[in-house]
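Here, each number is a calculation from the coordinates, and none is a lab measurement. Everything numeric in this text was worked out from a predicted model, so none of it was measured. Here the Cβ positions follow ideal geometry from the backbone for every residue, glycine too, while neighbour counts run over all protein chains shown.
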Ligand code: MG
């Protein structure tokens, strides 16, 4: 029996993780949940899965038919993350944004196996997380479909023989529009993703291609591959979830329908393909297309490589400026392309160079940048 903790449980990845638990009660049970702001759904989920410990975003007076430990706010989130009672504990981090970082740190220290959907954990603190994973000897497995694909392609292979990772990108909601056409794009336009149904932050990150930039950084840390060997490619069908090319020219790819249950299950059960509820991909008549992803069209992808080149605290600068800019766009405070301007301005500020890269500064600098940028436009 695997004992699950899910933070960000009511989001898209969290709810799909709960589907897998619901369908496999002899394999998984839920011990801890963090539930955000939707109290009605939160109550329903808690009554269904009866976790021992829960945390809500804000204080409330919900009561339950049993007596779980109940916490609130950032502190509550960390209480759930560090709670430790059983063997075989698995921590699913389905939070969005830098708020996912400290829960990962606490869960690693509690010796939980990590299934990571929260991208920002590795983007802002990749080196720190990697050394913690080593120190506490825990497993960290990606949930993101691209990294799940790469993991499947390199499992059993010799890393030295990898020529390059090829991360596919659907192109997001504006893939067929010119930069001129998206100048005045609204959030309603941007939130219509052609292939995947996801939360609003990641859908905007897909439209700017920052999501792909984050995935490049994640891949670098997850698989220990230098940035010079990580490429991205536009693949509008989202059938090939990513590829790995080896030194002899062989390319391995993972294909399947666009359903996040599959990579979630793979992370929970790595390396087993036990998930039963998936649809088969119909290969007959399938047309797959691959196109160049241009930095001119999608500067945010370039910004990610730039942050990687600058290194250290600049990973946090990249993420914080993006997080603030996306927040402002989703609240109608800035135009779509201003997201890029805001990030570029922060990334090219040499003032951050002198700041030492450590966990404390990653958090401090991130929240300073987010607060300042939000205030500037509100
Ligand atoms: Mg992805």
Normalised per residue, the volume inside the convex hull of the alpha-carbon atoms of the chain in Å³ amounts to 144 Å³
How large is the Rg to Rh ratio of the range 202-278 when both quantities use alpha carbon positions and Rh follows Kirkwood?
0.97
Can you give me the C-alpha center-to-center distance between the range 192-242 and the range 277-300, rounded to a whole angstrom?
11 Å
Potential lengthening between residue 273 and residue 287 on full extension [0.36 nm per residue; Cα-Cα distance subtracted]
2.5 nm
How much mean residue ellipticity at 222 nm does the chain get from its helices, if each DSSP H run of length 4 or more adds -39500 (n - 2.57) and you divide by all residues, to the nearest 500 deg cm²/dmol?
-13500 deg cm²/dmol
Taking 0.36 nm per residue of sequence separation and subtracting the Cα-Cα distance, how much length would be gained by fully extending the chain between residue 136 and residue 259, in nm to one decimal?
41.1 nm
What length, rounded to one decimal in nm, is gained on full extension from residue 356 through to residue 248, with 0.36 nm per residue of separation minus their alpha-carbon distance?
34.8 nm
Amide N proximity, the range 153-189 versus residue 332 label position 7 Å along Cα-to-Cβ, cut-off under 15 Å:
185-189
Of the peptides 93-104, 236-247, 322-333, how do they stack up when ordered by the mean number of other Cβ atoms within 10 Å, highest first?
93-104, 322-333, 236-247
Based on the mean of other Cβ atoms within 10 Å per residue, sort peptides 134-140, 201-207 so the most packed one is first.
201-207, 134-140
Among 18, 286, 78, which one shows the highest mean-square fluctuation when the chain is modelled as a Gaussian network with alpha-carbon springs under 10 Å?
286
Using R₀ = 51 Å, calculate the FRET efficiency as 1/(1 + (r/R₀)^6) where r is the Cβ-Cβ separation of residue 229 and residue 67; round to 0.05.
0.45
Sort the following peptides by mean Cβ neighbour count (other Cβ atoms within 10 Å, averaged over residues), highest first: 22-28, 263-269, 178-184, 126-132.
263-269, 126-132, 22-28, 178-184
